[in-house]
Amino acid sequence: MAITSYPFDAQAVTETQFSQMFREFQDSGVVASYEASGFLVSAGTGMVVNVQPGLAFLRGHFVNSTAIEPVTIPAANTSVRVDRLVLRLDPSLNSIVLAVKQGTAGSTTPPALTQTDTGIYEMTLAEIKVNASVTSITSGDITSTRIIVGTRVGSWATITRPASPRKGQLGFNNSTTTWEFWSGSAWVSLVSSVDWASLTGKPATFTPSTHSHLWADISDRPSSLPPSAHTHDWAQVTGKPTTFVPSAHGHAWTDLTGVPATFAPATHSHSWTSITSKPSTFTPSSHSHSSYLESGDTISWANGSKRVHQDSVSGSGTYYAVWVQGDGTFARNTSSRRFKQNIRDIDIDPEAVLSLRPRVYDRRPKEEGSDDYLRDEFGLIAEEVAETLPEIVTYDEEGRIDALRYDLLGVALLSVVQDQADRIERLEAQLRELAR
């Protein structure tokens, strides 16, 4: 049937149908007055920005935020970029969330929005300029791009005007038969009558247009006039000097007397290759190394040079598992609920875990042709794992398969243990039933 109508009693209405219907009632945007703070983005601490609570429509769906939401902007590049902070509707996840769309390094053009009719739909809240190599976002880097909706056109009498209008609300006043709008402090006629007395900012006087006057008509004219620009012969000039200071000029070096025979060289430098008789090797001067990690030397620590396994627990006695990020910095492997959001269940197929193939291999050497490499290492191959258990596979900056999250393998094995426990329980129940 080509004609569809809804909603009616005892009729199933889909999410898509409700979205199509509600988007005709209200455009996508933040439901607030323009000066209100709904979903307004402001600078926080470091690379964090804060998004104020608010209400908004996205393609017929509604979102309500009741608390300030901190959002972390990705680390800065070595050149400027412009990111977008958006509200993202994803019908497949039944959610509207805050998200950052990262711009292109070296470009001040923000990334394009994704706005599909039935899939993902994004609405911009702010553009955020991420300057080169910065570690914090300031208020001057944030440009609000909120779309404000919720102001509807109405019709009323003077005594029945809306009690709490939003700025810009438009309506027809039947008492005065005029269109009027709320300016934020008063109702203002959309087209008001204008006369000279009601004009503001008008000049008190006017500059006359180009015109002329007869000399006889001019009052207070001078009785004599200074002469116009003219010239005189030199002989006619009186009081002239007998000598003149010479103007700027130059002399040949050979014309100068008392010049020095030699000159001390000015401050200058030489390239290493132009220096003769330089030593081929150097003896290092006396120096020392700090027993602690040098500033920024996170890679050597990550490689085990600090021998943290010899340290004892102090203070609170808390140990943390540590992740090493791609740039060599450390991050604690935290697991508390307060560090997580959008928590939901995941179904892992036990067969996918059991299909993993342990392998033995030789690690490639650091330098081509070197025989200094690890032999007979055993583990898993990331490309093979990606075929059945992609949840524990990680990728590098270029999108290539890079490594495995071995720390998550134990979590994936829980599905195998739970499946086996369920099977054992069912078998034991069958055995007890047969024994009766």
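Below is a table of values for the structure above.
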{"quantity": "Whole-angstrom gap from region 367-383 to region 385-424, using each part's C-alpha centre", "calculated": "22 Å"}
{"quantity": "Estimated dipole of the chain in Debye, rounded to 20 [Cβ of Lys and Arg +1, of Asp and Glu -1, Cα centre]", "calculated": "1360 debye"}
{"quantity": "Per-residue ³J(HN,Hα) for region 71-86, Karplus 6.51 cos²θ - 1.76 cosθ + 1.60, θ = phi - 60°, Hz, x for Gly and Pro", "calculated": "10, 8, 7, x, 4, 5, 8, 7, 9, 5, 8, 10, 9, 10, 9, 10"}
{"quantity": "Residue-by-residue Karplus 3J(HN,Hα) for region 97-107, coefficients 6.51, -1.76, 1.60, Hz, glycine and proline x", "calculated": "10, 7, 8, 9, 9, 6, x, 8, 4, x, 10"}
{"quantity": "Surrounding net charge for Val149, when Lys and Arg each add one and Asp and Glu each subtract one, Cβ distance under 14 Å", "calculated": "+4"}
{"quantity": "Normalised per residue, the volume of the convex hull around the Cα set of region 15-149 (Å³)", "calculated": "100 Å³"}
{"quantity": "Cα-based reach from Lys340 at 15 Å (exclusive), listing aspartates and glutamates while leaving out same-chain residues under 8 positions away", "calculated": "Glu69"}
{"quantity": "Amide hydrogen neighbours beyond the local backbone of Gly154, cut-off 5 Å, H modeled", "calculated": "Leu170, Gly171, Phe172"}
{"quantity": "Of Val134, Ser144, Leu89, farthest towards positive along the dipole that unit charges on Lys, Arg, Asp, Glu beta carbons give region 15-149", "calculated": "Val134"}
{"quantity": "Interchain or long-range residues, amide H under 5 Å from Ile148's placed H", "calculated": "Val30"}
{"quantity": "Value of relative contact order over region 15-149, rounded to a whole percent, pairs C-alpha under 8 Å and six or more apart", "calculated": "27 percent"}
{"quantity": "Inter-part distance where region 36-95 and region 195-239 are each reduced to a Cα centre, Å", "calculated": "64 Å"}
{"quantity": "Packing-based ranking, highest mean first, of 54-60, 89-95, 333-339 given that Cβ atoms within 10 Å are counted", "calculated": "54-60, 89-95, 333-339"}
{"quantity": "Ranked by how many other beta carbons lie within 10 Å on average, peptides 388-394, 358-364 from highest", "calculated": "388-394, 358-364"}
{"quantity": "Integer Hz, Karplus 6.51/-1.76/1.60 couplings in order for region 39-53, x for Gly and Pro", "calculated": "6, 7, 9, 9, 6, x, 10, x, 8, 9, 10, 10, 10, 6, x"}
{"quantity": "Which label in (1) 0.98; (2) 1.33; (3) 1.20 gives the computed Rg/Rh (Cα atoms, Kirkwood Rh)", "calculated": "(3)"}
{"quantity": "Over the chain: helical MRE at 222 nm, DSSP H runs n ≥ 4 each giving -39500 (n - 2.57), nearest 500", "calculated": "-4000 deg cm²/dmol"}
{"quantity": "Sequence-separation-based contact order of the chain, relative, with Cα cut under 8 Å and 6+ spacing, percent", "calculated": "7 percent"}
{"quantity": "Relative packing of peptides 118-131, 221-234, 141-154 - highest average C-beta neighbours within 10 Å first", "calculated": "118-131, 141-154, 221-234"}
{"quantity": "Cα centre as origin, Lys/Arg/Asp/Glu Cβ charges: region 15-149 dipole, Debye", "calculated": "260 debye"}
{"quantity": "Residues with amide H under 5 Å from that of Asp402, placed H, sequence gap 5 or more", "calculated": "Thr394, Tyr395, Asp396"}
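Since every read-out is calculated from the coordinates, none of them should be taken as a lab result. Owing to the predicted nature of the structure, the values given are computational and were not obtained by experimental measurement. Positions of Cβ are backbone-derived with ideal geometry, glycine not excepted, and every protein chain shown enters the neighbour counts.
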